[in-house]
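Asker: Handing you a structure now.
The values are calculated or read from the model by the stated rules, or taken from the named source; none is laboratory data. Note that the structure is a prediction, hence the values are computed from the model and not measured. Note: ideal-geometry Cβ built from the backbone for every residue, glycine included; neighbour counts use all protein chains shown. These accessible areas exclude ligands, DNA and RNA; they are computed on the full protein's heavy atoms, side chains included. Shrake-Rupley method; radii C 1.70, N 1.55, O 1.52, S 1.80 Å.
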Amino acid sequence: MAASSDVRAAMAGVMPVVRESLDRLVRIPSVSADPSARKHVDASAEEVARQLTGAGLSEVEVVSADGGQPAVIGRRPGPPGAPHVLLYAHHDVQPIGEPIDWRTEPFEPLERDGRLYGRGAADDKAGVALHCAALRALGDELGVGVTVLVEGEEEIGSPTLAALLAEHRDRFVADVMVLADSTNWRVGQPALTTSLRGGVSVVVEVGTLDHAVHNGVYGGPVPDALMALARLLATLHDDAGDVAVTGLTRDEADPLDLTEEQLRADVGLLDGVELIGTGSLTARLWRAPALSVVAVDAPRVDGSGMLLVPTARARIGLRVAPGEDVIAARDALVNHLESHAPWGTRVHVTPGFTIPPFAARTTGPAYAAAHAAFAEAWGVPAVEVGVGGSIGFVAPFADEFPDAEVLITGVEDPDTRAHSANESLHLGDFERACLAEALLLDRLGQTG
């Protein structure tokens, strides 16, 4: 076990190359949801492979399964009898949305006021850099065996992940998994994520006519599809703002010190806009279902005609609480939409991906080692939090390797704005997170 002062010094020494490597990754527009960006996703995987090799991994390979997006697997054996640790991140990123909403170029990393701006700077190319930083800092002193998996399709629900796990199962066997794709409680306050909500995606289409017609001639008795879709979507929440789909579960959560004032500031809620739902804030964020309309297909306002729209579509995202059966939740949502068709309109629902929820065991030796490492690196204890998002890799891995401890860490904070415009990484917290992972791996090598 290296002295913590030696690990700190080593980390300070490798951070310049780690930062430069992160900048290179951010410059690659690896948007997995865009078929035309496949060459960029491929380039991103190749860059990840180069960085893992540079971090000291002896076996590095770019792989894919069932025609899916490229993932990178790197391995380095440990000393005889040492535990084996799987480090996970993903190199694909979300689309940028509307370019006008960005204050910087999305794929040109820019440091300003202690934060690094760019798509993927935090979610989750910083996770790749985090693992490389820990491996570089420990170097020959690394006392554990390591496998690194950097996925290339997490942002589209990991559709070929099960096939990838099955094909390379022997390479993923581990005693501990460290997944770097989550958030900290706030800037300067680290967190370990102990639960994740599951995810469901569906597309609902409403039809009222076989072609568009003049709204002045036929408006009144004839419903248009966009109006009917709006009415259908309104049935998904009750008057308090809780999800109104029958049969979904919810539970309580530690309220910690989250206040309404803090939450409003974190998300940029406009003055006068009320929070929705019932129960504690953390329960609503982590342990209750949440439903949002993430996209609508409809005529654009600019250039639109005075017509009754014949069809309209919306994509709906549903998050479900830990312990929920995600397939049953998807079926409940589909049933709700089909059974609430307004005015006899034709409603067709196309189910999309599902991601199971997850709840971690928090009593093992790896959790104790993580708490000690985080407290040392950050100077304050880590809190245990839930996260309302979903990560497709976690539940399949936990099911396949039930004896492994799963640690979910991350570099994000409430102002990261992952998935939205102006995504950024707090560089001070990033360096502390890198040090924490290096100290964790060092402790795991000592404790076994």
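Asker: For the structure I just gave you, tell me whether residue 49 is of a type in the set (A, V, I, L, M, F, W, C) and open to solvent by less than 10 Å² (accessible area, probe 1.4 Å).
Answerer: Numbers: of a type in the set (A, V, I, L, M, F, W, C): yes; open to solvent by less than 10 Å² (accessible area, probe 1.4 Å): no.
No.
Asker: Among the listed residues 290, 298, 328, 314, identify the single one that is open to solvent by less than 80 Å² (accessible area, probe 1.4 Å), touching a helix residue (DSSP H, G or I) at 6+ places or on another chain (Cβ under 7 Å), modelled with pLDDT of 95 or more and of a type outside the set (Asp, Glu). Explain how you work it out, then say what you get.
Answerer: Numbers: 290 fails: touching a helix residue (DSSP H, G or I) at 6+ places or on another chain (Cβ under 7 Å); 298 fails: modelled with pLDDT of 95 or more; 328 fails: touching a helix residue (DSSP H, G or I) at 6+ places or on another chain (Cβ under 7 Å).
The match here is 314.
Asker: Moving to a separate point now. Return only the number of the condition from (1) at negative phi; (2) without any contact (Cβ under 8 Å) to a residue 40 or more places away in the chain; (3) surrounded by fewer than 16 Cβ atoms within 10 Å (Cβ to Cβ) that residue 216 does not satisfy.
Answerer: Every condition holds for residue 216 apart from (2).
Asker: Determine which member of the set 47, 59, 105 is in contact with a strand residue (DSSP E or B) (Cβ under 8 Å, 6 or more places away or on another chain), at pLDDT 95 or above and more than 22 Å from residue 394 (Cα to Cα).
Answerer: Of 47, 59, 105, the one residue that is in contact with a strand residue (DSSP E or B) (Cβ under 8 Å, 6 or more places away or on another chain), at pLDDT 95 or above and more than 22 Å from residue 394 (Cα to Cα) is 59.
Asker: Does any residue in the stretch 110-122 that is within 17 Å of residue 28 (Cα to Cα) and assigned to a loop (DSSP other than H, G, I, E, B) come within less than 8 Å, Cβ to Cβ, of a residue that is among the hydrophobic types (A, V, I, L, M, F, W, C) and open to solvent by 30 Å² or more (accessible area, probe 1.4 Å) six or more places away or on a different chain, and which pairs are these?
Answerer: What qualifies is 118/107; 118/110; 119/96; 119/107; 122/418.
Asker: Something else about it: Kindly indicate whether residue 244 is open to solvent by less than 50 Å² (accessible area, probe 1.4 Å), under 30 Å from residue 156 (Cβ atoms) and either free of Cβ contacts under 8 Å to residues at least 60 places away in the same chain or not acidic (Asp, Glu) (or both).
Answerer: Details: open to solvent by less than 50 Å² (accessible area, probe 1.4 Å): yes; under 30 Å from residue 156 (Cβ atoms): yes; either free of Cβ contacts under 8 Å to residues at least 60 places away in the same chain or not acidic (Asp, Glu) (or both): yes.
Answer is yes for this residue.
Asker: With surrounded by fewer than 19 Cβ atoms within 10 Å (Cβ to Cβ) and modelled with pLDDT of 95 or more as the only criterion, which of 136, 112, 119 stands out?
Answerer: Numbers: 136 fails: surrounded by fewer than 19 Cβ atoms within 10 Å (Cβ to Cβ); 119 fails: surrounded by fewer than 19 Cβ atoms within 10 Å (Cβ to Cβ).
Only one candidate qualifies: 112.
Asker: Tell me, yes or no, whether the stretch 5-20 has at least one residue that is at pLDDT below 95, in contact with a Lys or Arg (Cβ under 8 Å, 6 or more places away or on another chain) and surrounded by fewer than 16 Cβ atoms within 10 Å (Cβ to Cβ).
Answerer: no
Asker: Would you say residue 74 is closer than 23 Å to residue 145 by Cβ, small (Gly, Ala, Ser) and surrounded by fewer than 17 Cβ atoms within 10 Å (Cβ to Cβ)?
Answerer: Taking the combined requirement at face value, the residue does not satisfy it.
Asker: Sticking with this structure for a sec: What strands (runs of 3 or more DSSP E), lying completely within the stretch 1-106, carry at least 2 residues that are more than 17 Å from residue 127 (Cβ to Cβ)? Give the steps one after another, and end with the answer.
Answerer: Values: elements: 59-63, 71-76, 84-90.
Result: 59-63, 71-76.
Asker: Out of the helices (runs of 4 or more DSSP H) lying entirely within the stretch 167-271, which hold 1 or more residues that are of a type outside the set (Gly, Ala, Ser) and closer than 30 Å to residue 361 by Cα? Even if it seems obvious, please write down each step before you answer.
Answerer: Working: elements: 169-172, 215-218, 225-234, 260-267.
In the stretch 167-271, 169-172, 260-267 are the helices (runs of 4 or more DSSP H) which contain 1 or more residues that are of a type outside the set (Gly, Ala, Ser) and closer than 30 Å to residue 361 by Cα.
Asker: Look at residue 400 and say whether it is surrounded by fewer than 19 Cβ atoms within 10 Å (Cβ to Cβ), touching a helix residue (DSSP H, G or I) at 6+ places or on another chain (Cβ under 7 Å) and of a type in the set (Asp, Glu). Even if it seems obvious, please write down each step before you answer.
Answerer: Working: surrounded by fewer than 19 Cβ atoms within 10 Å (Cβ to Cβ): yes; touching a helix residue (DSSP H, G or I) at 6+ places or on another chain (Cβ under 7 Å): yes; of a type in the set (Asp, Glu): yes.
Yes; evaluated as a whole, the condition is true for this residue.
Asker: Please find, among 284, 231, the residue that is surrounded by 13 or more Cβ atoms within 10 Å (Cβ to Cβ), under 21 Å from the mean Cα position of the chain (by Cα) and under 28 Å from residue 333 (Cβ atoms).
Answerer: Being surrounded by 13 or more Cβ atoms within 10 Å (Cβ to Cβ), under 21 Å from the mean Cα position of the chain (by Cα) and under 28 Å from residue 333 (Cβ atoms) holds for just one of 284, 231, which is 284.
Asker: From the set of residues in the stretch 149-173 that are crowded, with 24+ Cβ neighbours inside 10 Å and more than 13 Å from the chain's Cα centre (by Cα), which is farthest from residue 119 (Cα to Cα)?
Answerer: Within the stretch 149-173, the subset crowded, with 24+ Cβ neighbours inside 10 Å is 149-152, 154, 158, 164.
With the extra rule that they be more than 13 Å from the chain's Cα centre (by Cα), the set shrinks to 149-150, 164.
On the way: 149: 21, 150: 17, 164: 26 Å.
Only one residue tops the list, namely 164.
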